[in-house]
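The values are calculated or read from the model by the stated rules, or taken from the named source; none is laboratory data. Remember, predicted model here, so these are calculated numbers, not experimental data. Here Cβ is always computed from backbone atoms with ideal geometry, including for glycine, and neighbour counts include all displayed protein chains. Areas reflect the complete protein model, heavy atoms only, side chains present, ligands, DNA and RNA absent. Shrake-Rupley method; radii C 1.70, N 1.55, O 1.52, S 1.80 Å.
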Amino acid sequence: MEKEVIAAIITATGTLSSALVVGIAGALISKKYSKERDKQDKESQWRSHALELTKLDLQRKLSGKDKKESLRPSILDFLANYRNLMELDHLTPPELYQKIKDKRINKKK
């Protein structure tokens, strides 16, 4: 009788510990894949927004309101918009604005 109780306790402990290990491993694996999926979703949104901003920039340039400004290739606008959106993930909007103003805008002499 005593051996049966000990065997039942050992079996229950083994079952609980294996369930705990499987649960922890599953949580870690799903967390890794969900983090990757979130990253891909965010990059997809950045591309989409950068494309829309580029369309608006090109539409503004072609409308004739900015005749002083020479037309540069739209791919450069897209890349600049995409870079700015990526940096918004690490910088606050005021920090990004200041960085763009200080380092990226050509100052006319």
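Quick rundown of the values:
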item	result
Search result, residues across segment 10-28 that are among the β-branched types (Val, Ile, Thr) and open to solvent by less than 100 Å² (accessible area, probe 1.4 Å)	THR11, THR13, THR15, VAL21, ILE24
Residue in segment 55-77 that is in contact with a Leu (Cβ under 6 Å, 6 or more places away or on another chain) and of a type in the set (Asp, Glu) present	no
